[in-house]
């Protein structure tokens, strides 16, 4: 069952949203409905691993004593000297 809802938004936001909706060939109502649905949907406890990420898993072999935080800190220090 669909129900009407009245919202008060800034005019500039509405205009931008209308342009976005038109460019994506979707109604403004459907766009807002989808957004609210995504906000209120129950979140997955475990993130789904995509095939691309799965294929990249294990590509780099690092020493067990490799300290990535220290290495990254050193990298940033050199970069912004």
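Note on region 67-81: residues that are surrounded by 10 or more Cβ atoms within 10 Å (Cβ to Cβ) and either in a loop (DSSP other than H, G, I, E, B) or touching a helix residue (DSSP H, G or I) at 6+ places or on another chain (Cβ under 6 Å) (or both) total 1. Filtering 14, 26 for residues that are outside any helix (DSSP H, G or I) and either touching a strand residue (DSSP E or B) at 6+ places or on another chain (Cβ under 9 Å) or surrounded by 10 or more Cβ atoms within 10 Å (Cβ to Cβ) (or both) leaves a single hit, 26. So, residue 47, is that one out of contact with any helix residue (DSSP H, G or I) (no Cβ under 6 Å at 6 or more places or on another chain) and either in a loop (DSSP other than H, G, I, E, B) or surrounded by 10 or more Cβ atoms within 10 Å (Cβ to Cβ) (or both) or not? For residue 47, the condition - out of contact with any helix residue (DSSP H, G or I) (no Cβ under 6 Å at 6 or more places or on another chain) and either in a loop (DSSP other than H, G, I, E, B) or surrounded by 10 or more Cβ atoms within 10 Å (Cβ to Cβ) (or both) - is met.
A short reminder: the numbers here are calculations on the coordinates, not readings from a lab. For clarity, every value in this text was computed on a predicted model and none was experimentally measured. Positions of Cβ are backbone-derived with ideal geometry, glycine not excepted, and every protein chain shown enters the neighbour counts.
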